[in-house]
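The values are calculated or read from the model by the stated rules, or taken from the named source; none is laboratory data. Fair warning: this is a prediction, and the values are worked out from it, not measured in the lab. Please note: Cβ atoms are built from the backbone with ideal geometry, for glycine as well, and neighbour counts cover all protein chains shown. Surface accessibility is based on the protein's heavy atoms, side chains included, excluding ligands, DNA and RNA. Shrake-Rupley method; radii C 1.70, N 1.55, O 1.52, S 1.80 Å.
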Amino acid sequence: KDNALQVFEDRLRARSDGVRVLLGLQKRLGLSHLPRRIECFDVSNIQGTDPVASMVVFVDGVAAPDGYRRFKVRDKKTPDDFAMMYEILRRRFERAQDDRWPLPDLVVVDGGPGQLKMATTAMADLGIHDVEAIGLAKSRLLTGTDSSAVRRSPERVWLPSRPRPLVWKQTSDEVYLLTRVRDEAHRFAITFHRQQRRARTLRSDLDEVPGVGPARRTALLRRFGSVAAIRRSSIEALAGVEGIGRDLAERIKATLG
């Protein structure tokens, strides 16, 4: 009974603190609604390859992983962060047209005024005008004459209606919440990007082997787990996989090395 009461009080206190931070965020940003559902978007690509994007959801200041979504960028104009952000926001809000995904109270995009403009344009093009959006520009290292002094610029909050960013006290609860949301979106996007790049690398290695199509590639990976394990396997072990045979096993070994 005592433990249950303590858990209840802790959760009640956490909920109260979360509402307090959201009220502070609403006041600082001049939002018309309490931002109970916050969605944050981040685009990830390395030199334009395998571009992906993430959407993470926080409800009442707490991460809600069930609402997370991942996107493969379809636009071929990569690496154009602005075009990619427009595409992802448009695709996300197209899903709101038939009530598949609920509308957020606040959209946060990872970036400055350019990315924010793409987000608001995507929503306006779909006739969505009651969802507010901000951009959160990452802090960055500042260079100076004294190389021993390491300084960082503050996190900057961009609003569509302001030509200059808002800079708040960096230890404030509001900044902490926004950076936590942004960092989670970045983590989720990076994880997906690595998965896509790894899958592409696996496919390209095996696709170099004449006679190995999708079905045989799947059979090999299911048996050995990775291309590295296939490379280490003997010809006899490879030939034992259904549909491979000795001749193809020898070609696999010769191609993969």
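Going through the stretch 221-238 one residue at a time, which ones are open to solvent by less than 50 Å² (accessible area, probe 1.4 Å), closer than 19 Å to ASP207 by Cβ and in a helix (DSSP H, G or I)? Before the answer, list the steps.
Narrowing the stretch 221-238 to residues open to solvent by less than 50 Å² (accessible area, probe 1.4 Å): 221, 224, 226-230, 233, 235, 237-238.
Next, only the ones that are closer than 19 Å to ASP207 by Cβ stay: 221, 224, 226-230, 233, 238.
Matches in the stretch 221-238: LEU221, PHE224, VAL227, ALA228, ALA229, ILE230, LEU238.
Looking at ARG246, is it of a type outside the set (Asp, Glu), open to solvent by 50 Å² or more (accessible area, probe 1.4 Å) and either in a helix (DSSP H, G or I) or at pLDDT 80 or above (or both)?
For ARG246, the condition - of a type outside the set (Asp, Glu), open to solvent by 50 Å² or more (accessible area, probe 1.4 Å) and either in a helix (DSSP H, G or I) or at pLDDT 80 or above (or both) - is met.
Among the residues of the stretch 209-220, which ones are among the small types (Gly, Ala, Ser) and part of a helix (DSSP H, G or I)?
ALA215, ALA219
At pLDDT below 85, open to solvent by less than 30 Å² (accessible area, probe 1.4 Å) and among the β-branched types (Val, Ile, Thr): does that describe VAL209? Show your work before the answer.
On the way: at pLDDT below 85: yes; open to solvent by less than 30 Å² (accessible area, probe 1.4 Å): yes; among the β-branched types (Val, Ile, Thr): yes.
Spelling it out, VAL209 is indeed at pLDDT below 85, open to solvent by less than 30 Å² (accessible area, probe 1.4 Å) and among the β-branched types (Val, Ile, Thr).
Please enumerate the residues belonging to the stretch 105-131 that are at pLDDT below 95 and within 13 Å of MET55 (Cα to Cα).
Residue satisfying the conditions is ASP110 alone.
Name the single residue that is modelled with the highest pLDDT among those in the stretch 9-46 being surrounded by fewer than 12 Cβ atoms within 10 Å (Cβ to Cβ) and part of a helix (DSSP H, G or I).
Here the residue is LYS27.
Looking only at residues that are surrounded by 15 or more Cβ atoms within 10 Å (Cβ to Cβ) and touching a Gly at 6+ places or on another chain (Cβ under 7 Å) in the stretch 53-80, which one is modelled with the lowest pLDDT?
THR78
Taking the options VAL241, VAL157, VAL181, VAL175, name whichever one is modelled with pLDDT of 85 or more, open to solvent by less than 80 Å² (accessible area, probe 1.4 Å), under 30 Å from ASP60 (Cα atoms) and not in a helix (DSSP H, G or I). Talk me through it step by step, then tell me what you get.
On the way: VAL241 fails: under 30 Å from ASP60 (Cα atoms); VAL181 fails: not in a helix (DSSP H, G or I); VAL175 fails: not in a helix (DSSP H, G or I).
Answer to the check: VAL157.
What is the residue count in the stretch 160-172 for residues that are in contact with a strand residue (DSSP E or B) (Cβ under 9 Å, 6 or more places away or on another chain) and open to solvent by 100 Å² or more (accessible area, probe 1.4 Å)?
1
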